[in-house]
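The values are calculated or read from the model by the stated rules, or taken from the named source; none is laboratory data. Here the structure is a predicted model, which is why all the values come from computation and not from measurement. No Cβ is skipped: glycine too gets one built from the backbone with ideal geometry, and neighbour counts run over all protein chains shown. These accessible areas exclude ligands, DNA and RNA; they are computed on the full protein's heavy atoms, side chains included. Shrake-Rupley method; radii C 1.70, N 1.55, O 1.52, S 1.80 Å.
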Amino acid sequence: MKTIIAAYFQNRSGSRASIQAALHTLLTVPWPSQREFRACIQLLSVLQWVLSFLLMGIVFLFLLVYLVFTSFWPVSALYFAWVIFDWDAPEQGGRRSAWVRNWPVWKHFRDYFPIQLVKTHSLLPGHNYIIGAHPHGILCVGAFCNFITESTGFSEKFPGIRPFLATLAGNFRLPVFREYLMSGGLCPVTRQAIGYLLSQNGSGNAVAIVIGGAAESLSCQPGVTTLILKNRKGFVRMALQHGAHLVPAFSFGENDLFRQVVFEEGSWLRGIQKRFQKLVGFAPCVFYGRGLTSIQSRGFLPYPKPITTVIGEPVTVPRIKEPSHETVDLYHAMYIRSLLKLFNDHKAKYGLSEADELRIL
């Protein structure tokens, strides 16, 4: 009996020593510094953004379809009934939420790169505007951060102006994802949706359109400043029809966030990309960024490169219900001149050299 008791206390003594050793080891491990902690939060904020845009719509679609075959089918039935009732909301201004636009996570998202917004001229609340956002890049990070969140202070820099960002109409057909998009101020890039904001939503609206679209993303490479703009004139015609002033905006650093495998013009792989783009509306780019573990690893997250979005001088546009081709060409040329001036005036300040030129195709 004494032997058993002695063994028991010896065991307890050993366990206590093991626990003390483990605690000592834990306490000697260096805690992450405040800077490292901030970097981790910033990385997670970018991760949630990428996953939201890549997976949210598909995940909720499959989830709601799955629930149809369970005892929770009323959830799916009610939501799909709501979507049918609310089908035209994205085309009619959507439902902006100041709360969503001011989420603290967007400040961490901004600081990861970092992203800043530069104002060169005022936008008057008594007018409506079409902002041409350039370049497209891979994921339009600069346009999203500046026009869909308040992390860079758009409302403070342009008081009385409500920014919107036009994106693919197909995104608004995905359940729950459509509500998420509308809450930030995203709208379909359709004539009906943009026309509503410019003519039936009062004044002080600024609709940002990434003019180059999917075609421009195929040419996105670090250090390359090529825009698809020469034959993109629909936005000018809409501006004339609604009397909305044209505003150029350029995001310096947008093309540096990812590395893309660019296929040569005329190659069969390039042909597949273009056919896919025409059918679906977006281009299947072959690109990579950094991984979760380090900048040196490869993954799908953007590299932490600075982005500076500069808002240029508005081009005053008259209201002409049926503008002629000559009038559209005239204001299109005026817009390109304003954009080139914006680029040349600021390129040396934000990462480019004086010798760099903006190619417009």
* Structure fact -> Within the range 333-349, the residues that are out of contact with any helix residue (DSSP H, G or I) (no Cβ under 9 Å at 6 or more places or on another chain) and not hydrophobic (A, V, I, L, M, F, W, C) are 337, 338, 341, 344, 345, 346, 347, 349
* Of the residues that make up the range 19-42, is at least one of a type in the set (A, V, I, L, M), surrounded by 13 or more Cβ atoms within 10 Å (Cβ to Cβ) and at pLDDT 95 or above? -> yes
* Structure fact -> Pairs returned, first residue in the range 345-356 that is among the hydrophobic types (A, V, I, L, M, F, W, C), second residue that is loosely packed, with under 11 Cβ neighbours inside 10 Å, beta-carbon separation under 8 angstrom, 6 or more apart or interchain, are 348/354
* Does at least one position in the range 188-204 carry a residue that is touching a residue at least 12 places away in the same chain (Cβ under 8 Å), in contact with a helix residue (DSSP H, G or I) (Cβ under 6 Å, 6 or more places away or on another chain), buried (at least 24 other Cβ atoms within 10 Å of the Cβ) and not aliphatic (A, V, I, L, M)? -> no
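Output yes when any residue across the range 336-359 is on the phi > 0 side of the Ramachandran plot and either modelled with pLDDT under 95 or buried (at least 16 other Cβ atoms within 10 Å of the Cβ) (or both), and no when none is.
If we filter the range 336-359 for residues that are on the phi > 0 side of the Ramachandran plot, which is where we start, we get 351.
Next, from what is left, pick out any that are either modelled with pLDDT under 95 or buried (at least 16 other Cβ atoms within 10 Å of the Cβ) (or both): 351.
Within the range 336-359, one or more residues are on the phi > 0 side of the Ramachandran plot and either modelled with pLDDT under 95 or buried (at least 16 other Cβ atoms within 10 Å of the Cβ) (or both).
Report yes if some residue within the range 123-144 is in a helix (DSSP H, G or I), touching a helix residue (DSSP H, G or I) at 6+ places or on another chain (Cβ under 6 Å), closer than 22 Å to residue 245 by Cα and open to solvent by less than 10 Å² (accessible area, probe 1.4 Å); otherwise report no. Write out each step before concluding.
Here is the first cut: in the range 123-144, the residues in a helix (DSSP H, G or I) are 141-144.
Now restrict to residues that are touching a helix residue (DSSP H, G or I) at 6+ places or on another chain (Cβ under 6 Å): 142.
Keeping just the survivors that are closer than 22 Å to residue 245 by Cα gives 142.
Subsequent filtering for residues that are open to solvent by less than 10 Å² (accessible area, probe 1.4 Å) retains 142.
Yes; the residues of the range 123-144 include at least one that is in a helix (DSSP H, G or I), touching a helix residue (DSSP H, G or I) at 6+ places or on another chain (Cβ under 6 Å), closer than 22 Å to residue 245 by Cα and open to solvent by less than 10 Å² (accessible area, probe 1.4 Å).
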* So, of the residues in the range 341-361 that are part of a helix (DSSP H, G or I) and touching a strand residue (DSSP E or B) at 6+ places or on another chain (Cβ under 8 Å), which turns out to be farthest from residue 250 (Cα to Cα)? -> 346
* Asked: Does residue 220 satisfy the criteria of being in a strand (DSSP E or B), under 20 Å from the mean Cα position of the chain (by Cα) and farther than 20 Å from residue 337 by Cα?
  -> no
